[in-house]
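Visitor: Submitted below is the structure of interest, expressed as structure tokens.
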Amino acid sequence: MIQAAYIHLPFCVHKCDFCDFAAFAGVQHVEREYCEILLEEIKQRLKQTQAQIKLDSIFYGGGTPSVVAPENMRFIHQGLLDLVECSNDAEISMESTPHSITKEKCEFWRELGINRISIGIESLSDDELRAIGRDHTVAQAYEGIEIACQADFPVVSLDFMYCLPTQTLDSWQKTLDQFVELASTMKQIRHVSAYGLELVGNSPLYSRFPKDSVAYPDDETFNAMRDSLIETLALAGFEQYEVSNFARPGYACRHNMTYWRNAEYLAFGVGAHRYVDGVRSSNLKSLTRYIREPLSVDLFEPIDQATRQKEAIMLGFRMLEGINLTEFENEYGVDLFVQFEKPIKRMLEQGMLKLENGHLSIPQKQLALSNSVIAEFM
Ligand code: SF4
């Protein structure tokens, strides 16, 4: 049964210097055309799938879905709900930038059924926001968060980035402290994602901060930043539940848990990646080409049983809860403990793994080293 759908809305007001997503500025004039093609893609792909579908989560990502005109958001969301069954308490998330949030839009999104807004804050330092080429300020970030919280979204999630050019351990701690203060007064802030900056080839960021620039924090500082993130958020009541994700108890992102539990999911729109009927596939990443051929794919990879098992291990160890050994055996027909007895026992002794209540997991302090653990299973 497929329970999750991702919808990609690629429109941005400004292209950030570090961004490698299928996100485009200056193409708002094709927004309606894109939405019509997107809905047609949804119809065609749903016709093709063998899977049973009842959605428990819908995720509008991008790009910046919050800049899409309300009539187009309604067109897509209503169109999707007319085509697939969706549970009454489904998690319906939307990504946004802080300065695209207004009271009127929030009222519209809430009325449409969106119950989780994820705001790209990235940093609470104006210098760092400028350094990475964001087009909003800290003051605008505060304003956007406040409007979203007043609109009473059940979950407001904030996205941060660390290991940014010009960022220091002190300035990152300052961002974290400011976040803690905000979260103590705004209870709707129930989720945080925080990723270390990943530099992509040909990033415009390199023109100001070349790859080997001393403006980037070194490895030791990166580790210290990650540690301070985990400690500070834990003290503020946000539990780490995945390498880069934190939530107040009970507010983990259901949609992303679908990915980490290696379940199948639908995805539509330019560049979108899906896992349906045992195949991982992705749409064309060029907007012009997607508009011409929305059903063409860049990637088409049938996943065999051995690969499924490996993916389940890789993804499962990203989560604090780790791998449920009984569920793993039921799903993949393999007793993981028996198949990897030697390395598992050794890593348990070394404290690189732990076994609790039938879950095999990486202890929180070791989670950053998950790659070396996972390598033992490949
Ligand atoms: S707003 Fe988000 S999606 Fe758009 S360019 Fe910036 S980082 Fe990329």
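The values are calculated or read from the model by the stated rules, or taken from the named source; none is laboratory data. Since the model is a prediction, treat every value here as computed from it, not as a measurement. Cβ placement follows ideal geometry from the backbone for every residue including glycine, while neighbour counts extend to all protein chains displayed.
Visitor: Out of LEU229, LEU233, I need the residue that is out of contact with any helix residue (DSSP H, G or I) (no Cβ under 6 Å at 6 or more places or on another chain), surrounded by 20 or more Cβ atoms within 10 Å (Cβ to Cβ) and under 23 Å from MET314 (Cβ atoms). Which one?
Guide: On the way: LEU233 fails: under 23 Å from MET314 (Cβ atoms).
Of the residues listed, the single one that is out of contact with any helix residue (DSSP H, G or I) (no Cβ under 6 Å at 6 or more places or on another chain), surrounded by 20 or more Cβ atoms within 10 Å (Cβ to Cβ) and under 23 Å from MET314 (Cβ atoms) is LEU229.
Visitor: Give the stretch 304-313 a look and list any residue that's surrounded by fewer than 17 Cβ atoms within 10 Å (Cβ to Cβ) and either under 13 Å from ALA263 (Cα atoms) or in the same structural domain as GLU242 (by TED's automatic domain parsing) (or both), or say none.
Guide: Answer for the stretch 304-313, where residues must be surrounded by fewer than 17 Cβ atoms within 10 Å (Cβ to Cβ) and either under 13 Å from ALA263 (Cα atoms) or in the same structural domain as GLU242 (by TED's automatic domain parsing) (or both): ARG308, GLU311.
Visitor: Just checking, which of GLU321, GLU293, GLU327 is surrounded by 15 or more Cβ atoms within 10 Å (Cβ to Cβ) and either modelled with pLDDT of 95 or more or farther than 30 Å from GLY63 by Cβ (or both)? Don't jump to the end; show me each part of the working.
Guide: Values: GLU293 fails: surrounded by 15 or more Cβ atoms within 10 Å (Cβ to Cβ); GLU327 fails: surrounded by 15 or more Cβ atoms within 10 Å (Cβ to Cβ).
Answer to the check: GLU321.
Visitor: Can you list residue pairs whose Cβ atoms sit under 7 Å apart, with the first residue in the stretch 245-267 being on the phi > 0 side of the Ramachandran plot and the second being buried (at least 21 other Cβ atoms within 10 Å of the Cβ) and outside any strand (DSSP E or B)? Count only pairs 6 or more apart in sequence or on different chains.
Guide: From residues that are on the phi > 0 side of the Ramachandran plot, the pairs are ASN262/ALA312.
Visitor: Quick check: anything in the stretch 90-97 farther than 15 Å from VAL155 by Cα, touching a Gly at 6+ places or on another chain (Cβ under 6 Å) and within 16 Å of the ligand (Cβ to nearest atom)?
Guide: There is at least one residue in the stretch 90-97 that is farther than 15 Å from VAL155 by Cα, touching a Gly at 6+ places or on another chain (Cβ under 6 Å) and within 16 Å of the ligand (Cβ to nearest atom).
Visitor: Across the stretch 302-324, what is the total count of residues that are free of Cβ contacts under 8 Å to residues at least 40 places away in the same chain and not in a loop (DSSP other than H, G, I, E, B)? Spell out how you get there, then give the answer.
Guide: Applying the first criterion (free of Cβ contacts under 8 Å to residues at least 40 places away in the same chain) to the stretch 302-324 yields 302-307, 309, 323-324.
Next cut, not in a loop (DSSP other than H, G, I, E, B) only: 302, 305-307, 309, 323-324.
So the count comes out to 7.
Visitor: Looking at (1) aliphatic (A, V, I, L, M); (2) over 30 Å from VAL279 (Cβ atoms); (3) within 16 Å of the ligand (Cβ to nearest atom), which is the only condition ALA139 fails?
Guide: Evaluating ALA139 over (1) aliphatic (A, V, I, L, M); (2) over 30 Å from VAL279 (Cβ atoms); (3) within 16 Å of the ligand (Cβ to nearest atom) leaves (3) as the failure.
Visitor: Continuing with the same structure: List the number of the failed condition for HIS8; all other conditions in (1) more than 16 Å from the ligand (Cβ to nearest atom); (2) out of contact with any Phe, Trp or Tyr (no Cβ under 6 Å at 6 or more places or on another chain); (3) modelled with pLDDT of 95 or more hold.
Guide: Of (1) more than 16 Å from the ligand (Cβ to nearest atom); (2) out of contact with any Phe, Trp or Tyr (no Cβ under 6 Å at 6 or more places or on another chain); (3) modelled with pLDDT of 95 or more, only one is false for HIS8: (1).
Visitor: For residues that are closer than 30 Å to LYS211 by Cα and either among the charged types (D, E, K, R) or buried (at least 20 other Cβ atoms within 10 Å of the Cβ) (or both), tally how many sit in the stretch 100-153.
Guide: So the answer is 18.
Visitor: Here's something else I'd like to know. May I ask you to list the residues in the stretch 16-31 that are assigned to a loop (DSSP other than H, G, I, E, B) and either touching a residue at least 60 places away in the same chain (Cβ under 8 Å) or more than 7 Å from the ligand (Cβ to nearest atom) (or both)?
Guide: Our first condition is that a residue be assigned to a loop (DSSP other than H, G, I, E, B); within the stretch 16-31, this holds for 16-23, 26-27.
Within the stretch 16-31, CYS16, ASP17, PHE18, ASP20, PHE21, ALA22, GLY26, VAL27 qualify.
Visitor: Kindly provide the set of residues from the stretch 50-77 that are away from the ligand (no atom under 16 Å from the Cβ) and of a type in the set (A, V, I, L, M, F, W, C), ordered by number.
Guide: Once the filter is applied, which keeps residues that are away from the ligand (no atom under 16 Å from the Cβ) and of a type in the set (A, V, I, L, M, F, W, C), the stretch 50-77 yields ALA51, ILE53, LEU55, ILE58, ALA69, MET73, PHE75, ILE76.
Visitor: Further question: Among the numbered criteria (1) touching a Leu at 6+ places or on another chain (Cβ under 6 Å); (2) in a helix (DSSP H, G or I), which single criterion is violated by ARG289?
Guide: Every condition holds for ARG289 apart from (1).
Visitor: Residue by residue through the stretch 32-45, note down the ones that are away from the ligand (no atom under 16 Å from the Cβ) and in contact (Cβ under 8 Å) with a residue 60 or more places away in the chain.
Guide: Our first condition is that a residue be away from the ligand (no atom under 16 Å from the Cβ); within the stretch 32-45, this holds for 32-33, 35-45.
Scanning the stretch 32-45 gives GLU33, ILE37, LEU38, GLU40, GLU41, ILE42, GLN44, ARG45.
Visitor: Could I ask something else about it? Which strands (runs of 3 or more DSSP E) does the stretch 207-275 wholly contain that include 2 or more residues that are in the same structural domain as THR175 (by TED's automatic domain parsing) and within 23 Å of GLU181 (Cα to Cα)? Walk me through it before giving the result.
Guide: Details: elements: 239-242, 245-247, 266-268.
Strands (runs of 3 or more DSSP E) meeting the threshold: 239-242, 245-247.
Visitor: Let me ask something else about it. If we scan the stretch 77-85, do we find a residue that is charged (D, E, K, R), modelled with pLDDT of 95 or more and surrounded by 15 or more Cβ atoms within 10 Å (Cβ to Cβ)?
Guide: Restricting attention to the stretch 77-85, the residues satisfying the condition of being charged (D, E, K, R) are 82, 85.
Add one more test, that the residue is modelled with pLDDT of 95 or more, and what stays is 82, 85.
Remaining after also requiring surrounded by 15 or more Cβ atoms within 10 Å (Cβ to Cβ): none.
Taking every residue of the stretch 77-85 in turn, none turns out to be charged (D, E, K, R), modelled with pLDDT of 95 or more and surrounded by 15 or more Cβ atoms within 10 Å (Cβ to Cβ).
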